[in-house]
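Please read the structure below before turning to the comments.
The values are calculated or read from the model by the stated rules, or taken from the named source; none is laboratory data. Bear in mind the structure is a predicted one, so any value in this text is a computation, not a measurement. FYI the Cβ positions are ideal-geometry reconstructions off the backbone, even for glycines, and counts take in every protein chain you see.
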């Protein structure tokens with residue numbers, strides 16, 4: 001292996017000079033700089049960053065814990081985290097936890113041992129003490145954590161309320177909400193947004209429930225349309241549920257948006273792959289990932305977060321499933 | 001920080017004994033094992049894996065270079081790589097190269113410096129010398145590399161040929177292929193599979209072209225349907241192109257599959273979100289990722305690959321866009 005000593009010998013300078021060139025600190029004359037750089041290139045020398053990391057106790061690595069990268073919400077998030085991390089000189093370790101507490105704990109253990117510089121969490125299956133014991137900066141994304149570390153979320157409540165109001169403004173008389181799983185913060189917040197909108201206008205409504213997952217959404221939709229007739233507007237807790245309800249409606253010959261209007265939530269890319277294209281409450285997924293990563297890096301570098309809740313606006317994108 | 005020495009003191013044993021417990025090698029009595037483990041837990045001690053990695057010159061880290069995690073093909077692949085890596089004690093560093101040679105080179109430089117144990121490559125924008133100079137095991141996925149490292153691909157040619165034959169067997173008279181970008185190996189192989197199938201049966205055909213990207217696919221579809229009338233079967237080079245052509249056909253009131261049958265390629269999850277559901281040539285994306293990762297880890301551990309081309313079967317999933 002090529003060592004820094006070997007580079008120094010070849011360049012005819014001291015090890016300290018080579019070190020100054022590599023770390024870009026301290027004075028080095030232009031001629032020496034050129035010489036050292038050319039020797040580094042010639043010998044194909046790479047500074048030993050693991051040794052550096054041992055010395056400085058940093059790894060330039062960020063752990064990203066998500067439930068499942070194949071869930072359409074997370075690729076864009078992961079992309080944003082990696083883009084910003086890369087720009088700031090950090091690498092991203094990808095972890096799929098499947099919301100399984102044991103799997104998440106395994107990753108947290110690894111991260112402790114390996115000295116990641118920070119963690120972006122999108123699931124929290126542990127007691128809050130577990131996270132604080134890690135002694136590693138954490139930013140939570142899409143889930144509101146406790147106050148020991150900051151969260152970046154979108155405004156689920158207001159997005160849901162606006163979507164419900166839009167359906168009513170577009171002439172919907174028999175409105176329904178298909179909520180996501182209970183006790184998941186975004187799902188609960190969207191439910192409350194819907195409820196407040198319909199109750200403000202004293203309108204009757206129907207509530208269904210589905211997992212954030214296509215197969216279950218279709219199963220629930222079949223049952224739903226069997227029982228409830230005359231529903232002319234549905235606000236679904238996410239785009240996957242909306243896609244399932246749209247498919248089943250089309251299969252049954254229900255005309256969308258003429259007889260039934262549908263709004264989803266998330267702004268997932270596949271909403272545009274569908275025909276009619278899905279009207280949705282778009283979360284700024286990429287921006288949320290970017291804000292969380294910038295915030296985490298600031299905290300890693302010793303700054304205090306200005307606040308503990310970063311709420312980002314969700315906006316309605318009107319497409320083909322509303323009139 | 002809690003050191004191994006501190007643990008040894010507290011447990012009343014030697015550092016070597018603690019080391020044997022941590023590394024699970026050499027004899028330790030059951031009583032001592034219990035004692036050491038409880039002290040490790042009590043002091044919240046984590047063995048310093050960066051130091052270990054410096055010593056052993058391994059990082060237990062795999063670099064995964066993909067064009068873009070938001071491209072629907074890659075989340076499932078990334079998921080497979082991470083699942084297998086995790087099971088074998090490796091972590092995965094996610095890198096989006098955007099097929100940009102400079103970005104890819106940056107990652108390769110980082111990997112060299114950081115001693116990743118191996119790399120899974122899905123883009124190759126550099127001269128082959130760059131890869132061999134890395135001195136790091138590499139497995140290529142979805143792209144056929146040169147013979148210096150093994151590739152895992154699906155059988156694009158045969159999958160395309162079978163899809164084309166299926167369309168003709170289902171009564172298609174005026175067949176078309178929308179090929180993907182030229183000089184991308186899977187796109188070229190699928191084109192040749194189509195050509196050989198139609199020429200074997202001496203059938204007239206039409207060729208179109210689109211990027212692997214929805215917006216361009218829709219634009220090409222609009223032009224295509226303006227020029228070509230009476231096309232009753234289209235084999236598209238991937239599912240995204242197929243989704244674009246399906247959308248435009250439905251928008252124009254063309255009945256699918258009654259008047260027009262469509263087959264895509266990939267088996268992307270969104271094929272089931274669409275109505276009618278997309279018939280597709282499914283690549284075993286997850287299995288390809290798993291095979292590549294297992295192979296890479298074998299090579300990391302000193303085994304020679306048995307062969308340099310691992311070709312996995314692509315199978316047709318018949319859904320709603322064919323009769």
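Considering region A:47-68, the residues that are at the interface with chain B (Cβ under 7 Å from one of its Cβ atoms) and under 14 Å from residue A:19 (Cβ atoms) include one that is modelled with the highest pLDDT, namely A:47. Restricted to region B:243-271, and to residues that are more than 18 Å from residue B:216 (Cβ to Cβ) and within 30 Å of the chain's Cα centre (by Cα), which residue is surrounded by the most Cβ atoms within 10 Å (Cβ to Cβ)? That would be B:263.
Has region A:205-219 got any residue that is under 30 Å from residue A:138 (Cα atoms) and without any contact (Cβ under 8 Å) to a residue 40 or more places away in the chain? Taking every residue of region A:205-219 in turn, at least one turns out to be under 30 Å from residue A:138 (Cα atoms) and without any contact (Cβ under 8 Å) to a residue 40 or more places away in the chain.
Consider residue A:296 carefully, then state whether it is touching a residue at least 40 places away in the same chain (Cβ under 8 Å), in contact with a strand residue (DSSP E or B) (Cβ under 6 Å, 6 or more places away or on another chain) and more than 13 Å from residue A:72 (Cβ to Cβ). Considered against the rule, which asks whether it is touching a residue at least 40 places away in the same chain (Cβ under 8 Å), in contact with a strand residue (DSSP E or B) (Cβ under 6 Å, 6 or more places away or on another chain) and more than 13 Å from residue A:72 (Cβ to Cβ), residue A:296 comes out as yes.
When region A:243-268 is filtered for residues that are under 15 Å from residue B:272 (Cβ atoms) and part of a helix (DSSP H, G or I), the ones remaining, listed by number, are A:243, A:244, A:245, A:246, A:247, A:248, A:250, A:251. Taking region A:168-236 and the strands (runs of 3 or more DSSP E) fully enclosed by it, the elements with 3 or more residues that are within 23 Å of residue A:270 (Cβ to Cβ) and at pLDDT 95 or above are at A:175-179, A:233-236. Only a single criterion out of (1) within 14 Å of another protein chain (Cβ to nearest Cβ); (2) assigned to a helix (DSSP H, G or I); (3) surrounded by 23 or more Cβ atoms within 10 Å (Cβ to Cβ) is not satisfied by residue B:159, namely (1). Within region B:218-234, does at least one residue satisfy the condition of being surrounded by 19 or more Cβ atoms within 10 Å (Cβ to Cβ) and under 22 Å from the mean Cα position of the chain (by Cα)? No, that holds for no residue. Residues in region B:306-317 that are closer than 22 Å to residue B:78 by Cβ and touching a helix residue (DSSP H, G or I) at 6+ places or on another chain (Cβ under 7 Å): B:310, B:312, B:314.
Report, by residue number, each residue of region B:69-94 that is facing another protein chain (nearest Cβ under 7 Å) and not in a helix (DSSP H, G or I). Within region B:69-94, B:69, B:70, B:91, B:92, B:93, B:94 qualify. Based on this model, can you work out whether residue B:78 counts as outside the structural domain of residue B:293 (by TED's automatic domain parsing), surrounded by 17 or more Cβ atoms within 10 Å (Cβ to Cβ) and at pLDDT 85 or above? Against the criterion (outside the structural domain of residue B:293 (by TED's automatic domain parsing), surrounded by 17 or more Cβ atoms within 10 Å (Cβ to Cβ) and at pLDDT 85 or above), residue B:78 does not qualify. Could you say whether any residue in region A:281-301 is more than 15 Å from the chain's Cα centre (by Cα) and surrounded by 24 or more Cβ atoms within 10 Å (Cβ to Cβ)? For region A:281-301, residues more than 15 Å from the chain's Cα centre (by Cα) and surrounded by 24 or more Cβ atoms within 10 Å (Cβ to Cβ): present.
Is it true that residue B:141 is surrounded by 22 or more Cβ atoms within 10 Å (Cβ to Cβ), away from chain A (no Cβ under 14 Å) and at pLDDT below 90? Considered against the rule, which asks whether it is surrounded by 22 or more Cβ atoms within 10 Å (Cβ to Cβ), away from chain A (no Cβ under 14 Å) and at pLDDT below 90, residue B:141 comes out as yes.
Among the residues of region A:116-133, the one identified as at the interface with another protein chain (Cβ under 10 Å from one of its Cβ atoms) and in contact with a strand residue (DSSP E or B) (Cβ under 8 Å, 6 or more places away or on another chain) is A:116.
Taking the criterion of being surrounded by fewer than 18 Cβ atoms within 10 Å (Cβ to Cβ) and touching a residue at least 12 places away in the same chain (Cβ under 8 Å), the residues of region B:185-194 that qualify are B:185, B:192. Among the residues of region B:253-290, those that are away from chain A (no Cβ under 11 Å) and closer than 23 Å to residue A:255 by Cβ comprise B:253, B:254, B:255, B:257, B:258, B:259, B:260, B:262. Of the residues in region B:113-132, at least one is within 19 Å of residue A:61 (Cα to Cα), assigned to a helix (DSSP H, G or I) and not assigned by TED's automatic domain parsing to the domain that holds residue B:266.
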